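Here the structure comes first, spelled out in structure tokens, and everything after it is commentary.
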Amino acid sequence: MAKPKNILFIMYDQLRRDYVSCYGKKIVDTPNMDRLATMGVRFDRAYAQAPVCGASRMSCYTGRYVGSHGAGWNGIPLSVGEMTMGEHLRETGMDCWLVGKTHMVPDTNGMKRLGINPDTPIGKRLSECGFDAWERDDGLNPEGSGGRYDDTAAQAYNAYLNARGYPGENPWHDYANSGIDADGNILSGWFLQNNAHAANIAEQDSETPYMTRRALDCMQTTAPDQPWCLHLSYIKPHWPYIVPESYASMYGPDDIPDAIRSDAELETSHSILGAMIRGRIGSTFSRDDVREAVLPAYMGLIKQCDDQLGVLLDWLEQSGRLDDTMIVLTSDHGDYMGDHWVGEKMFFHDTSLRVPFLVYDPSPDAEATRGTVSDALVEQIDLIPTFVEIAGGSPQKHHLEGHSLLPILRGRTTDLSRDYVIAEVDFTSSTFAGVLKSGLRDAMGTMIANKKWKLIHF
């Protein structure tokens, strides 16, 4: 095996750790994720820095806690002054590409103040979270009474679907994320009652295989002598929970695990958790009929993700790139699915914050740790320091708040110099703050956890 030269950084959206079979529960059989675990190290105590997409990802992409980078909720711009993964890696001579989602909102006011043209190379990178976008797609393109959720989402994918014969302005919704009834009516996957239907699209044209092919296009096009990091950021298994055949009929009510919850949890006096439990999302996902409709689709989406990982691993092996490419697989957060009487992900249970985290290092120095499980406390802000060292650079410790994982990957230690992990949530800019009628400070929460205890403070 050669020294690692490239990095394939795979992130799924809303993939639960305990639905990856190498983590023990065998809810969904994920042989390719398990295969990756045997190739490298499976981290058992890895935590996201926020239980919401945007804030969690901004911590990944800056190597800093939410309280440091400040983008604490979806839709909050990442400050133009924040260094990102791409900037750290380009200083070492490594390219940094994106295929898929970032959920990043650019600091257009900051760029304007500094006189940065968004159409210049630096302006484009600042608008794309520091990445060179091979194809950016945040995968959220529904349309409601207020118009499109994201006018820029799925543009290239919709053009692809149109070229493949799927008509309309938004085949992302009408085909890839909707079913169809016997009368030809569109059954939107956003409505949970429709999740038992198969998506009205050929499987090879759905989002996950499409994104895999775009990643392969990127890796096949890069110059052989130019090191690269490719962030392949899948949209699934996030809402809308709908999947094409054969995955749609792969799982049924008998395959659904029991919800992790107790009646005592319903009696919580915690104002924020109580509001989540009693709110529309929590009360909906707590219903058995909803779980029976949604979970088989969610499980099918995970199975499809695993199959596409197999496509990637096979190509890397056949092309010889497996010998010089580090692979990291994780998720931005989990998904409650009715556990603890909650839906979505926006609180501090392990269900939401403890994520799958698999790392393959092709270096000969990592031979002794292949197939092992690490019990070290790991955070996703550890990724950039690890990547910078792989690229031959020195992490900027005055700026980056995580630790390199190479000492664990290469058997020099079994733990990091970390006594606890941190996660934060900031509801102040969300509609949830209004529901709670809370003041500014009351809508900001912090979790500090070690291997035994967890402190949550609002």
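Laboratory data are not the source of any read-out in this text; all were calculated from the coordinates shown. Worth saying up front: this structure is predicted, and the values here are computed from it rather than measured. Heads up, the Cβs are rebuilt from the backbone with ideal geometry, glycines too, and the neighbour counts pull from every protein chain shown.
The Cα center of the range 345-416 and the Cα center of the range 225-257 differ in position by 24 Å.
For a Förster distance of 25 Å, can you work out the FRET efficiency between the beta-carbons of I448 and H398, rounded to the nearest 0.05?
Working from the Cβ atoms, E equals 0.65.
What percent antiparallel are the DSSP beta bridges of the chain, to the nearest 5?
The antiparallel proportion sits near 45 percent.
Potential lengthening of the chain between T120 and R213 amounts to 30.7 nm, from the contour at 0.36 nm per residue minus the alpha-carbon distance.
Protection proxy ranking for 146-159, 293-306, using the average of other Cβ atoms within 10 Å per residue and placing the highest first: 293-306, 146-159. Among the listed pairs K25/K303; K25/K345; K124/K236; K303/K454; K26/K303, which have their C-alpha atoms separated by more than 22 angstrom in this model? Table pairs above 22 Å Cα-Cα are K124/K236; K303/K454. Every helix of 4 or more DSSP H residues in the chain counts as -39500 (n - 2.57), and over all residues that averages to -8000 deg cm²/dmol at 222 nm. In order along the range 62-70, phi translates into HN-Hα couplings of 10, x, 9, 5, 4, x, 8, 7, x Hz, rounded to whole numbers, per the Karplus curve 6.51 cos²θ - 1.76 cosθ + 1.60 with θ = phi - 60° and x for Gly and Pro. Stretched out straight at 0.36 nm per residue, the stretch from Q193 to D150 would grow longer than its current Cα-Cα span by 13.1 nm. Search the structure for amide H atoms under 5 Å from the amide H of C229, placed 1.01 Å from N in the peptide plane, and list their residues when 5 or more places away or on another chain. The answer is I7, D95, C96, W97. Values (i) 1.06; (ii) 0.94; (iii) 1.04 are given for comparison; Rg/Rh (Cα atoms, Kirkwood Rh), derived from the coordinates here, is the one labelled (ii). Out of every Cα-Cα pair that the range 1-143 contains, those further apart than 21 angstrom amount to 52 percent. Applying the Karplus relation 6.51 cos²θ - 1.76 cosθ + 1.60 with θ = phi - 60° to the range 245-250 yields 3J(HN,Hα) values of 5, 8, 6, 5, 9, 6 Hz, where x marks Gly and Pro.
Please give the contour-minus-distance gain from A182 to T268: 0.36 nm per residue of separation, less the Cα-Cα distance, rounded to one decimal in nm.
26.5 nm
For the listed peptides 351-364, 421-434, a ranking on the average number of other beta carbons within 10 Å per residue, highest first, reads 351-364, 421-434. Placing unit charges on the Cβ atoms of the charged side chains and taking the dipole of the chain about its Cα centre, the candidate lying farthest along the positive direction among G334, T30, C305 is G334. Using the average count of surrounding beta-carbon atoms within 10 Å as a protection proxy, the listed peptides 165-171, 452-458 rank, highest first, as 165-171, 452-458. Cross-link reach is defined here as a Cα-Cα straight distance under 15 Å, omitting same-chain residues fewer than 8 places apart; for K101 the aspartates and glutamates meeting it are D13, E128, D132, E135, D137, D138, D150, D151, E207, D332.
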